[in-house]
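A quick write-up on the structure given underneath.
The values are calculated or read from the model by the stated rules, or taken from the named source; none is laboratory data. Quantities reported herein were computed from a predicted structural model and do not represent experimental measurements. As a convention, Cβ positions derive from the backbone with ideal geometry for all residues, glycine included, and neighbour counts pool all protein chains shown. The accessibility values were calculated without ligands, DNA or RNA, using every heavy atom of the protein model including side chains. Shrake-Rupley method; radii C 1.70, N 1.55, O 1.52, S 1.80 Å.
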Amino acid sequence: MIKVKINGQEQNWDGDPDLPLLWFLRDEVGLTGTKYGCGQALCGSCTVIIDKQAVRACITSVSDVVGRDVTTIEGLHPTGDHPVQKAWRQLNVPQCGYCQTGQIMQGAALLMDNPKPSHDQIREAMAGNICRCGAYQRIENAVRLASTGV
Amino acid sequence: MNILTNPKKLRGFERHLKVENVSRRSILKGLGIAGGFALAAPVMSRPAFAAYETGAGAMPHGTVVDPRVFVSIAPDGIVTIIGHRAEMGTGVRTSLPLIVAEEMEADWSRVRVQQAPGNEAKYGNQDTDGSRSTRHYLMPMRQIGASARSMLEAAAAKRWGVPATEVKARNHEVVHAASGRKLGFGELAADAAKESVPGIEGLKLKDPKDFRYLGKGQIGIVDLKDITTGKAQYGADIRLPGMKYAVIARPPVTGGKLKSFDAADAMKVSGVEKVLEVKGWPWPSKFQPLGGVAVIARNTGAAIKGRDALKIVWDDGANGKYDSVAYRASLEEAARKPGLVVRKEGDAEAALKSADKVITGEYYLPHLAHVSMEPPVAVADVKGDRCEIWAPVQSAGGTREDVAKTLGIPEANVTVNVTLLGGGFGRKSKCDFAIEAALLSKELGAPVKVQWTREDDVRHGFLHTVSLERIEAGLDKNGKVIAWRHRSVAPTIASTFAAGAKHAAPFELGMGLIDNPFEIANLQCENPEAAAHTRIGWFRAVSNIPRAFAVQSMVAEIAAATKRDPKDMLLELIGSPRLVNLSSVKDPWNYGEPYGSYPIDTARLRKVVELVADKGGWGRSVPKGHGLGIAVHRSFVSYIATIVEVAIDDKGKLTVPRVDTAIDCGTYVNPERIESQIEGAAIMGLSLAKYGEITFKDGKVQQGNFDDFPVIRLDESPLVTHVYIVPPGPDTPPSGVGEPGVPPFAPALINAIFAATGKRIRSLPIGKQLEA
């Protein structure tokens, strides 16, 4: 039995300890805000925050997160009003919206590490997150807006 | 037969192909080329927002204009409006209900949107494709809203015992100005429901000057909060009690079959519960599943791990030799010989012979995969002779039909719940993944979710075709273009429905080939044969992508050869402002729209070129290593021109500092979503131009994920995209937005690269062609 802490709550897991955290979150715990996009840490749709760092849940196993604090989009802010989330809404960023939770988690992690990122730092930090709808211009602007106050 | 007058038997084009014995002639006949095609008479003058003809009525099940179906009002005043089209990022789930709210005078903050299940008899056509939703539904949604308003007003007038003409709905209440009395929509709901539904003819639509929402652009999409908090439900997010998780190993070659499999190791994987064969259909079979071996598990991760452990022997079948290198050579060979003539004006052959100079370009575009961020996924729950589906499908009605047919149960017994779509781009118009889930649920007697991995998506989808476009332009001694011959060779989408289809279907011919708007005396379009060896399907903007790339590149090539400005060259070729004569174009399809309402209007085409040139600063001086390129294209009956600025460093690294796009999409609803679609189209255009390439070897797709099928990321996306929307005339019908932004991007980019470097790229993707 493995015990892991997701959004402050303890969760038990008695299955394969190598199960990717992504599928544990989505299929076993029911936190479906973390999305599958590639399974190989190529697209960032499954980004969660572990100990203040953006992590791809698709290549992180459940056993890897024992003793660490995992935050998913559901736990980012109690009312969904994290500055990044608010900036996202203010600029009407999403199109289909599927990759957006991963983008928001990546943006939130960036601002924890670097509250005032430069233009290039935003573009670089967000480059691991693919948006096939191509909302990049607004993603970049929303991260900047969140960093300067919403 | 006339396909457009017999919509009941048809669903989009797949049905067209089924009604005829498919040989190359009969496809054309079945699709209306040879048959009599009645056009709506051109409407010369229309009063503001009066009804205009669209092709909506010719879609399966047409439109339903009934407020009782689309609108309900609770006693607390909350108005619920049905969204009956699929939301894949265009904003349609917001914009169509917004039209109803506008017309019925509802306050948008008190409106909720409810997604309709697949039921076309009730809601009308639900095929969310072809950039059709706003153009087909602006008027029906206005009529629905006006009907609801009129019923509310009638109920209030009765309550007060005053003539209905004395009351007026305004911002969620009905007001009697003379007495100052007011009643909220909630208070009137029960009585209004008893009123008879007024006839469309007598409806009074709002004067556009009174619009609060339409065309204003300050409305966020209804799912905005849920999307940013992770609560939005996509197909992949459905979880049912007792649900099993499945992934499927499918034949690696299209048309291949399962020979044998060994599941022993897969069954040893923790969490795997069962391994079983999934029925497949012989290729081509429209959207039926490919078959293969399914691994059933307690979660998706276990199912994937179990699938990795399967040992499978496949019979590759007839497409086992498909090889992209050899295939390209065969396309080139075909394009260099005469092919089926699909449009002929004057005598291009003779004019090319007599021309002072002939410029020839061969333009290649490989297969592309959609790679929507949400790969195909579906949940099905089959109980006895009933089936319930939850899936991100563009065609809810088509899914219902196909699932019912596959399971052999009545359509009425199938419920298709449409979730949000994590991108669609045409992939999710094909419901194979929903059929797979239904088959597995039936077999297992439990709800099943079938999840496609990214590799499944790239390797087993319905790819954008591969194409070779060859254009020869003949110039007289003054540099005037006197001849144009365009040969377009590409496997057709029709091949996914009918074995042996080798010529473009009319809807493909009409995407940038035979609808060429240029004013050239001798113009010929040909379509040599091309056989398909994989499943070909619709991809956002479809055949317009290779055609616009070829045509708009050639324009710039002619400009360079004759030392003229590319924009001036473009305007010269478009020629005089006019409605292109349909009998010369011979495009009976016209995106399914009557030519009277949606002609090829070169004045509008010229206008977007001039607008983007003006706003985008065409001709401005740019730093060394930078260049500007321009392209224009009409598709989905909209007009779009794009200027791309590129910067190329001395190592050949390409960046895009700026994009400017002008769009004329007629009357519009939510300009903010038009901008987002155009911003996104630039990214998709850049992705396909820079990287997009699916190749085959030994019949198998050689790519699998975003490492070998890359798309543009933020660090290489344009720094800024400006969008200019042409203000519509008072009576300009709405036209497409979702797709038409894509086609002009690649040629504008390629023309900009030429301007910056003198290097002319005729084969996409760009890949390493710019590296020294």
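Taking N as the number of residues in the stretch B:271-364, what is its Cα Rg relative to 2.2 N^0.38 Å? Can you show the working numbers first?
Numbers: Rg = 24.5 Å, N = 94, 2.2 N^0.38 = 12.4 Å.
In units of the 2.2 N^0.38 Å rule of thumb, it is 1.99.
Counting Lys +1, Arg +1, Asp -1, Glu -1, what net charge surrounds B:PRO375 among other residues with beta carbon under 12 Å of its beta carbon? Around B:PRO375, the charge tally is +2. The share of C-alpha pairs in chain B whose separation exceeds 49 Å stands at 17 percent. Tell me, what is the per residue accessible area of the protein assembly as shown in Å², probe radius 1.4 Å? Per-residue accessible area for the protein assembly as shown comes out at 34 Å².
Across the options A:LEU42, A:GLN9, A:GLY30, the greatest Cα extent toward the positive end of the charge dipole of chain A (unit charges at beta carbon of Lys, Arg, Asp, Glu) belongs to A:LEU42. When the pairs B:LYS259/B:LYS286; B:LYS607/B:LYS651; B:LYS480/B:LYS607; B:LYS563/B:LYS759; B:LYS209/B:LYS586 are compared against a 27 Å limit on Cα-Cα distance, B:LYS607/B:LYS651; B:LYS209/B:LYS586 fall above it.
When the P(r) is computed for the stretch A:1-69, the part past 14 Å accounts for 52% of the Cα-Cα pairs.
Gain on full extension, evaluated as 0.36 nm per residue between B:ARG620 and B:ARG336 minus their Cα-Cα distance, stands at 98.4 nm.
Think of each Lys and Arg Cβ as +1 and each Asp and Glu Cβ as -1; about the Cα centre, that makes the dipole of the protein assembly as shown roughly 860 debye. Could you give log10 I(q)/I(0) at q = 0.22 Å⁻¹ for the stretch B:363-460, computed by the Debye formula over C-alpha point scatterers of equal weight, without solvent? Here log10 of I(q) over I(0) equals -1.04.
Mind checking A:19-30 for the average number of partner chain beta-carbons within 10 Å of each residue's beta-carbon? The partial results should precede the final answer.
On the way: counts 8, 5, 1, 3, 12, 2, 0, 8, 13, 4, 0, 2.
Going residue by residue through A:19-30 and averaging, the value is 5.
Within straight-line reach of B:LYS225, meaning a Cα separation under 20 Å, sit the following lysines at least 8 residues removed in sequence or on another chain: A:LYS35, A:LYS86. Among the residues of the stretch A:109-141, those with an accessible-area drop of 10 Å² or more from chain alone to full protein complex, heavy atoms and 1.4 Å probe, are A:HIS119, A:ARG123, A:MET126, A:ALA127, A:ILE130, A:ARG132, A:CYS133, A:GLY134, A:TYR136, A:GLN137, A:ARG138, A:GLU140. Orientation-averaged projection of the stretch A:1-125 equals 7.6 nm² [convex hull of Cα atoms, one quarter of hull surface area].
Assigning unit charges at the beta carbon (Lys, Arg +1; Asp, Glu -1) and nothing else, what dipole magnitude in debye, to the nearest 20, does chain B show about its Cα centre? Please list the in-between numbers first.
Working: 98 positive and 87 negative charges, 105 e Å.
Computed about the Cα centre, the dipole is about 500 debye.
In terms of the Cα gyration tensor, with a ≥ b ≥ c the square roots of its eigenvalues, is the stretch A:67-150 rounded because a/c is under 1.5, prolate because a/b exceeds b/c, or oblate? Taking the square roots of the gyration eigenvalues as a ≥ b ≥ c, the stretch A:67-150 is rounded.
What's the total accessible area buried between chains A and B, using a 1.4 Å probe, rounded to the nearest 100 Å²? Chain pair A/B: roughly 4900 Å² of buried accessible area. When the charge dipole of the protein assembly as shown is built from unit charges on Cβ atoms (+1 for Lys and Arg, -1 for Asp and Glu) and taken about the Cα centre, the candidate among A:VAL93, B:VAL612, B:LEU420 whose Cα reaches farthest toward its positive end is B:VAL612. Residues of the stretch B:675-704 that bury at least 50 Å² of accessible area when the other protein chains are present, relative to the chain alone (probe 1.4 Å, heavy atoms, ligands and nucleic acids excluded): B:GLU679.
Can you give the net charge of the other residues whose Cβ lies under 9 Å from the Cβ of B:ALA154, counting K and R as +1 and D and E as -1? Could the numbers behind the result be given before it?
Values: positive: B:LYS158; negative: B:GLU153, B:ASP191, B:GLU195.
Taking every Cβ under 9 Å from that of B:ALA154, the sum is -2.
When the pairs B:LYS268/B:LYS321; B:LYS244/B:LYS383; A:LYS116/B:LYS768 are compared against a 26 Å limit on Cα-Cα distance, B:LYS268/B:LYS321; A:LYS116/B:LYS768 fall above it. Taking trypsin sites (Lys or Arg not before Pro) in DSSP loop conformation with at most 14 other Cβ atoms inside 10 Å as exposed sites, chain A has its longest uninterrupted site-free stretch at A:69-150. The average projected area of the stretch B:469-565, computed from the convex hull of its Cα atoms over all directions, is 6.7 nm².
Shown here is the pair-distance distribution of the stretch B:659-759: with all Cα-Cα distances grouped in 10 Å bins from zero up to the longest one, the shares run 14, 36, 29, 16, 5, 0 percent. Farthest toward the positive end of the dipole of the protein assembly as shown, out of B:HIS370, B:THR642, B:VAL197, is the Cα of B:VAL197, where the dipole comes from beta carbon charges about the Cα centre.
Rounded to the nearest 5, what % of the DSSP beta bridges within the protein assembly as shown are antiparallel ones? Taking every DSSP beta bridge with both residues in the protein assembly as shown, the antiparallel ones total about 75 percent. Setting aside same-chain residues fewer than 8 positions from B:LYS353, which aspartates and glutamates have a Cα under 18 Å from its Cα? Partners found: B:GLU345, B:GLU472, B:ASP476, B:GLU526.
Placing dummy labels 7 Å off each Cα toward the beta-carbon, the span from B:ARG239 to B:ALA121 is 3.6 nm. Note: the protein assembly as shown, Cα convex hull, 164 Å³ per residue.
For the protein assembly as shown, the share of accessible area belonging to carbon and sulfur comes to 50 percent (1.4 Å probe, ligands and nucleic acids excluded).
In this Cβ point-charge picture (+1 for Lys and Arg, -1 for Asp and Glu), the stretch B:95-177 has a dipole of about 140 debye about its Cα centre.
To two decimal places, what compactness ratio does the stretch B:42-159 give when its Cα radius of gyration is scaled by 2.2 N^0.38 Å?
On the way: Rg = 14.6 Å, N = 118, 2.2 N^0.38 = 13.5 Å.
For the stretch B:42-159, the normalised Cα radius of gyration is 1.08.
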